[in-house]
Amino acid sequence: MRTHYCGELNQQHIDEQISVCGWVNRRRDHGGVIFVDLRDKQGILQVVFDPDDENMFALAESVRNEFVLRVTGKIRMRPEGTINSEMFTGEVELLAHQLEILNSSETPPFQLDDDDVHDDIRLRYRYIDLRRPDMQRRMQLRAQVTHYLRSWLEEQDFLDIETPMLTRATPEGARDYLVPSRTHSGSFFALPQSPQLFKQLLMMSGMDRYYQIVRCFRDEDLRADRQPEFTQLDIETSFMNEGAIMTMMESMMRGLFKTVMSVDIDADFQRMSYTEAIERFGSDKPDLRISLELKTISDLLSDVEFKVFSGPANDKDGRVAALLVPGGNSLTRKEIDGYTEFVGRYGAKGLAYIKCNDITQGRDGLQSPILKFLPDDAITQILERTAAKSGDLIFFGADKANVVNESLGALRIKVAQDLGLVEDGWRFLWVVDFPMFEHDVRENRWNALHHPFTAPSTDKAEELEADPGGMLSRAYDMVLNGTELGGGSIRIHQMDMQQRVLKLLGIDEQEAEDKFGFLLTALKYGCPPHGGIAFGLDRMVMLMAGATSIRDVMAFPKTQTAACLLTSAPSPVSDIQLKELSIRLRKPQTEA
C-alpha cells in the first residue's frame, strides 16, 4: 500500500512519485489549500491538497484528526520561508494526486501533543496514547534493547530456555498470584515471582548457561517502578564466581549502551560494600551523580545534654548523621519546613539544621534553633567533619539507624534535584558484601536479605550458625543512577548448607520438603557451583528512555491499584466458571 514511510522522506526524493499511509496528525486550511500533517511510526510528512482536483479536494475537506489515509503524489521542495529545520522532513512536502480514506475517526479523547492528560485517560485509551511520538520511540527503544541483549547472550553461548508460568507457590517475599486448578479441585497454581528455582534446576541439568526474557508476577503495593506483572532478563551460569559474572555483565552493559544509545561507558564500574553505601548515602542503591554524603556524628554528641541527639547517639541501634548542602544557606524557612514534612514520610520526627552564614565568626556566624543546646567544641567538630563552608547548610537526622538512613538518604536526593546538584551522565555501581540475614525484631526471627538460596561467604555451616547476624552473603546488585538495575548471587549448591540456611530462617524439615522438596532432591544428584543475576528490563529501558515510570515503557501497564482500565480487568466471572473451579464466593452479610 505504500512505497515509503512518512518520516524518511527528504530532498533525495524530490520529484519521486510515492505513496504513504498514516494518521492525520493535524489538518489546516490556508486560503483554499489544505495541508495535512500525516504521521506514521517514522515521523510526520506535510501533504498538500490543491483545489484544482475538485473531487480529491472535497474529500480532503472531510478529513479530521486521526483519520487513516493513503496518499499518492510527488515529493517537492517546500516554498521558501516555510521550511521547518526542526523536522527531518521539514524541507519537503507531498503534492497529493490521489487520496484514499482508509478509515475515519471520532474526535479522540485527547490530543496527541497534549502533555497534561490524566494517566487514567491515557491508560483507558492506551491504543491512542501509544500513537504519540514519545511512546513510539520508547517502544522502539525497548525492542532494540531486547534484541541486543538476546544477540549478545547468544554470542556468549547462553541458551534461551522457557520456564513454566503455572507453578507452585513458594515464599519469595511478595504475595503470589494464584490460579485455581479445575482438574485438581481445591488446589492452586501460582504465577512465578521469578524463575529462580527453575533456573537453578537448569544448572543442575547441565545446561551451563541459561537466559530468558521472562514475565514475572508479584501481588504487592505498586509505585512508579513497580507493576504486578513485569519483565526480567534472567541469567544463570555454572562454574563461575561472582567476580567473573560481574565482569561479564559489565561487558554486556557497555555494549548495550554503545550500540543502542551511542554512549561510551568508559569509567570502571565502581564496587562498594553494602555497609559503606548505607553509611555514606543511607541507601543500598546510591545515585553517584550526587556528591552529597551523610556523615556519622554520633560520637561527637553522645555527651551533650540535648536528648534528641544524645539519646540516639548512645543507642546501639541509633544513629546521628549530618548532611551538608553546599550553598544551602539560601534555603528559606518555608523550604526547610517543606523538607521537614518530606522526611516525616520516612518516619523522621523532625529535621534539625544549622545555617552557616560565616563560619569564621564561630557560633556567632551560625543560625539555628538547636545551637543553644550544643557546646562550642561539638559545633566546631561538626563543622570540621562535614567540611562546612560559609554559605552552606547542615541538616541533621537523629533516630533509629534505619529511620535516619531512609529519611536523610531520601532528602539527599530531593535536595540535589531541587538545587540542581545532580551531575549528568551514567554512573554504574556494584553493591556487594550484603548481610546474609536481617533480624525481624517483632517476630524474633532471621529473614534472608535476598532469598533463601543465596550462598553465604563461608563454606562451613558451623561458622554460619555461630554468627548468622554477622555473616555476609555472596550477593551483588548492579545500580545505575540511583536505581537497582539487577540483583544476583552465587547460589547454595550443597544440600547440607541449604538445609542449614532454611533452618535458620525458621523453615523446618517438613515445611522445607513441602515447599522446596523438588529442589532439595535435585541437590542430591551432583549440583554444580552456579550463580546468576536478574535485571529489571522495564527499569532499564525507563532509565535509557529518560522516563520517570516503568508504565511509560510498557505497552499495556496496570494502574497503581493493579487494574487494567483498557480491558476493565480484573472482572467478575460467571457462576458456571466458578463452579467448574469448585470455588464458592462468600455472600456479603445483610443487616438484620
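Read-outs throughout are calculated quantities, based only on the coordinates presented, and are distinct from any laboratory measurement. Computed from a prediction, not measured in an experiment: that's the story for all the values here. FYI the Cβ positions are ideal-geometry reconstructions off the backbone, even for glycines, and counts take in every protein chain you see.
Computed 3J(HN,Hα) for region 420-427, one whole-Hz value per residue from the Karplus formula 6.51 cos²θ - 1.76 cosθ + 1.60 where θ = phi - 60°, is x, 9, 9, 6, 7, x, 10, 10, glycine and proline marked x.
Could you tell me which of rounded, prolate or oblate describes the chain, using a ≥ b ≥ c as the square roots of the eigenvalues of the alpha-carbon gyration tensor, with rounded for a/c under 1.5 and, failing that, prolate when a/b is larger than b/c and oblate otherwise? It comes out oblate by the Cα gyration axes. Computed over region 290-418, the convex hull of the alpha-carbon atoms projects to a mean area of 6.9 nm².
Near the amide H of residue 22, within less than 5 Å, lie the amide hydrogens of 69, all on another chain or at least 5 residues away, with H placed in the peptide plane. The angle between the Cα long axis of helix 242-261 and the main principal axis of the chain comes to about 30°, on a 0 to 90 degree scale. Whole-Hz Karplus values for region 151-166 come out as 5, 5, 5, 5, 5, 8, 6, 7, 9, 7, 10, 7, 10, x, 8, 9 Hz, taken residue by residue from phi with 6.51 cos²θ - 1.76 cosθ + 1.60 and θ = phi - 60°; glycine and proline positions read x. Less than 5 angstrom separates the built amide H of residue 565 from those of 559, all sequence-distant by 5 or more or on a different chain.
Rounded, prolate or oblate: which one fits region 206-277, using the alpha carbon gyration tensor with axes a ≥ b ≥ c (rounded when a/c is under 1.5, else prolate when a/b beats b/c, else oblate)? In terms of gyration-tensor shape, rounded. Taking the Cα centre of each part, how many Å lie between region 112-150 and region 293-361? Distance between centres, Cα-based: 42 Å. Counting only DSSP beta bridges whose two residues both lie in the chain, roughly 90 percent are antiparallel.
Qualifying trypsin sites (Lys or Arg not before Pro) in region 519-580, where qualification requires a DSSP coil assignment and no more than 14 other C-beta atoms within 10 Å, comprise 524. Packing order of peptides 244-250, 151-157, 18-24, highest average first: 18-24, 244-250, 151-157 (average count of other Cβ atoms within 10 Å over each peptide's residues).
Quick check: the angle from helix 509-522's long axis to the longest principal axis of the chain, C-alpha only, nearest 10 degrees? For 509-522 against the chain, the angle is about 60 degrees. With the simple spin-label model, which puts each label point 7 Å out from Cα in the Cβ direction, the residue 247 to residue 179 separation comes to 4.1 nm.
Taking amide H positions as modeled 1.01 Å from N, with prolines and chain starts lacking one, the residues under 5 Å from residue 481 and 5 or more places away or on another chain are 288, 427. With helices as the sole contributors, the chain gives -9000 deg cm²/dmol at 222 nm; each DSSP H run of n ≥ 4 counts as -39500 (n - 2.57), and the sum is divided by every residue.
Averaging Cα coordinates gives a centre for region 62-106 and one for region 1-46; these two points are 3 Å apart. Among 229-237, 427-435, sorting by the average number of other beta carbon atoms lying within 10 angstrom of each residue, highest first, gives 229-237, 427-435. Taken one residue at a time, the phi angles of region 375-384 give Karplus couplings (6.51, -1.76, 1.60, θ = phi - 60°) of x, 4, 5, 5, 5, 4, 5, 5, 4, 5 Hz. Gly and Pro are set to x.
The long axis of helix 333-344 is offset from the longest Cα principal axis of the chain by roughly 70 degrees.
What does the C-alpha gyration tensor say about the overall shape of region 495-552? Classify as rounded when a/c is under 1.5, otherwise prolate if a/b is larger than b/c, or oblate. Here region 495-552 falls in the prolate category.
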